[in-house]
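Student: My structure is below; once you've seen it, I'll send some questions.
Bear in mind that the values in this text are calculations on the coordinates, not laboratory data. Since the model is a prediction, treat every value here as computed from it, not as a measurement. With ideal geometry, Cβ positions are generated from the backbone for all residues, glycine too; neighbour counts draw on all protein chains shown.
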């Protein structure tokens, strides 16, 4: 089966940008932010080939993939993987609100 197409939702893009900006400002350098971005891209690439690798969530069509201290929420079909959200697992879990 060919790889599924990746769709990065607007919400995911904003969350990822916020995370990467935080590390850039915190470290005074882009080095860690770039490493983290590349790791996330690599892991998302893996789920295009193995979408069932993520853990099932309480939402029927949503899976969760843990990458370091982050959880990536996604759904998939035969032709695409939709990256819904990214969450820093060190944050208060009560603040997580998945709007599917």
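Student: Given that just one value was derived from the coordinates, which of (i) 50; (ii) 69; (iii) 58 is percent of Cα pairs over 17 Å apart?
Tutor: Correct label, based on the coordinates given: (i).
Student: Can you compute the FRET efficiency between residue 91 and residue 49 using 1/(1 + (r/R0)^6), with r the Cβ-Cβ distance and R0 = 35 Å? Round to the nearest 0.05. Walk me through the intermediate numbers first.
Tutor: Values: r = 29 Å, r/R0 = 0.84.
E between residue 91 and residue 49, to the nearest 0.05, is 0.75.
Student: What angle do you read, to the nearest 10 degrees and between 0 and 90, between the alpha-carbon axis of helix 10-27 and the longest principal axis of the chain?
Tutor: Once rounded, the angle reads 30 degrees.
Student: On a full-extension model of 0.36 nm per residue, what is the gain between residue 56 and residue 14, subtracting their alpha-carbon distance, rounded to one decimal in nm?
Tutor: Details: separation 42, 0.36 × 42 = 15.12 nm, distance 2.38 nm.
Between residue 56 and residue 14, full extension yields an extra 12.7 nm.
Student: Something else about it: Sorting 56, 90 on the 10 Å Cβ count, fewest up front, what's the list?
Tutor: Values: 56 11, 90 8.
Ordered from fewest to most neighbouring Cβ atoms within 10 Å, 56, 90 come out as 90, 56.
Student: How far is helix 31-49 tilted off the main Cα axis of the chain, in degrees rounded to 10, range 0 to 90?
Tutor: Helix 31-49 sits roughly 0 degrees off the main axis of the chain.
Student: Quick one: compute the contact order of region 5-89, relative version, from alpha carbon pairs under 8 angstrom and 6+ residues apart, as a percent.
Tutor: The value is 33 percent.
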